[in-house]
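Comments concern the structure below.
The values are calculated or read from the model by the stated rules, or taken from the named source; none is laboratory data. Not measured: the values here are computed from a predicted model. Backbone-built Cβ (ideal geometry, glycine too); neighbour counts: all protein chains shown. SASA here: full protein model, heavy atoms, side chains in, ligands and nucleic acids out. Shrake-Rupley method; radii C 1.70, N 1.55, O 1.52, S 1.80 Å.
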Amino acid sequence: MIKTLPRAKSLIELLIQHGIADNSVLEVMGNIPRELFLPPSLSHQAYNNDALPIGQGQTLSQPSTVAFMTQMLRAHMAEFSIESPKILEIGTGSGYQTTVLAKLFTHVYTVERIKALQFQAQRRFGQLDCYNISCKHGDGWEGWQAKGPYDGIIVTAAAVTLPEALVAQLNDNGCLLIPLGDTKQTLTYVRKVGQNVQQIPIDDARFVPLIQGTII
Ligand code: SAH
C-alpha cells in the first residue's frame with residue numbers, strides 16, 4: 001500500500017494503470033504538492049495527468065511522462081548497481097521533475113536557459129527543503145561539464161539531434177534519456193556501456209523544443 005497525499009491518490013492509481021510499477025517513484029510523486037509548481041490559476045488541475053503551462057511558453061511535463069522517465073533512470077542504476085548516482089537534468093522548468101529526482105537520488109544538477117523560471121524553481125526547492133539540488137542558468141546543449149561526469153542525464157525538452165556534449169559527460173555505464181526529433185519526437189534511451197554508445201528508441205514523445213545557443 002502506497003501512502004500518498006489524499007488529493008494525489010487518483011493520480012497515483014492512474015500511473016499504476018499506465019504501467020508505473022516502481023513504488024519509490026509512486027510514493028515520491030504521491031507526496032509532492034504539484035500545485036506548488038503551477039500558477040495559482042491552474043492549481044485545481046495539479047493532479048490531472050496533463051502537461052500544463054508554466055509561463056514563458058513552457059510546460060510542466062505530464063505526470064505519466066515524469067514517472068516513466070524517472071522509473072527508467074532508476075532501473076538503469078539498478079541494472080548497473082550504481083549506488084549513489086549523480087544526475088543531471090536539462091530543462092529545470094517549474095522544478096517538478098527536479099524535485100522528484102532529488103527525493104530519489106543523492107544529488108541532482110539542473111540547467112535552465114530561462115532565468116525567470118530558474119529563479120522560481122529555486123524558491124520552490126527551498127520551500128520543500130530540497131537541499132541536494134544545484135542549479136545553473138545556461139545552455140543545456142553544453143551540459144554542465146564542471147560537475148560531471150554523470151551516471152544519468154535526463155533532458156526534458158526535445159533536441160533535433162543528439163547533443164554530443166551530453167554524451168561526452170556520461171560516466172561509463174551511464175545513461176541519457178532524451179526526446180529526439182522535431183514535429184515527430186521519440187523518447188530515446190542512450191546507454192554508454194564501457195566506451196560503447198547504444199541508442200534505443202523507446203516511445204513517441206511530445207516536449208517543448210531544446211533551444212540551442214541563447215539564454216534569457
Ligand atoms: N522538467 C520541467 C519541464 C519544463 S519544459 C518541469 O518539470 O517543469 C522544458 C524546459 O527546458 C523549459 O523550461 C525550457 O526553458 C528549457 N530549455 C529549453 N532549451 C534549453 C536549453 N538549451 N538549456 C536549458 N534549458 C532549456
Residue list for the stretch 157-178, filter: open to solvent by less than 20 Å² (accessible area, probe 1.4 Å), touching a Gly at 6+ places or on another chain (Cβ under 9 Å) and closer than 17 Å to Arg74 by Cα: Leu170, Gly174, Cys175, Leu176, Leu177
Count - residues of the stretch 1-27 that are in a helix (DSSP H, G or I) and open to solvent by 40 Å² or more (accessible area, probe 1.4 Å): 11
Pair list, Cβ < 9 Å and 6+ apart or interchain, from the stretch 9-24 residues that are within 15 Å of Leu104 (Cα to Cα) to residues that are modelled with pLDDT under 95 and of a type outside the set (S, T, N, Q): Asn23/Ile2
Count of the stretch 124-151 residues which are more than 13 Å from Thr110 (Cα to Cα), among the acidic types (Asp, Glu) and open to solvent by less than 30 Å² (accessible area, probe 1.4 Å): 1
Filtered residues of the stretch 61-110 (kept if of a type in the set (Val, Ile, Thr) and within 11 Å of the chain's Cα centre (by Cα)): Thr65, Val66, Thr70, Ile87, Ile90, Thr92, Thr98, Thr99, Val100, Val108, Thr110
Residue match in the stretch 30-37 (condition: within 14 Å of Gly95 (Cα to Cα), touching a helix residue (DSSP H, G or I) at 6+ places or on another chain (Cβ under 8 Å) and aromatic (Phe, Trp, Tyr)): yes
Scope the stretch 28-46; condition outside any loop (DSSP other than H, G, I, E, B) and open to solvent by 40 Å² or more (accessible area, probe 1.4 Å); matching residues: Glu35, Leu36, Pro40, Ser41, Ser43, His44, Gln45
Residue in the stretch 144-156 that is free of Cβ contacts under 8 Å to residues at least 24 places away in the same chain and under 24 Å from Gly57 (Cα atoms) present: no
Total residues in the stretch 90-116, condition closer than 16 Å to Ile211 by Cβ and in contact (Cβ under 8 Å) with a residue 60 or more places away in the chain: 7
In the stretch 104-119, the residues that are part of a helix (DSSP H, G or I) and either surrounded by fewer than 20 Cβ atoms within 10 Å (Cβ to Cβ) or among the hydrophobic types (A, V, I, L, M, F, W, C) (or both): Leu104, Lys115, Ala116, Leu117, Phe119
Answer residue from the stretch 190-216, given it is more than 16 Å from the ligand (Cβ to nearest atom) and either without any contact (Cβ under 8 Å) to a residue 12 or more places away in the chain or farther than 25 Å from Asp151 by Cβ (or both) and is most open to solvent (accessible area, probe 1.4 Å) among those: Asp204
Per-region count, the stretch 49-103, residues within 11 Å of the ligand (Cβ to nearest atom), surrounded by 19 or more Cβ atoms within 10 Å (Cβ to Cβ) and part of a loop (DSSP other than H, G, I, E, B): 6
Answer from Leu180, Leu187, Leu176, Leu166 - the residue that is within 16 Å of the ligand (Cβ to nearest atom), under 17 Å from the mean Cα position of the chain (by Cα), more than 24 Å from Leu36 (Cα to Cα) and without any contact (Cβ under 8 Å) to a residue 24 or more places away in the chain: Leu180
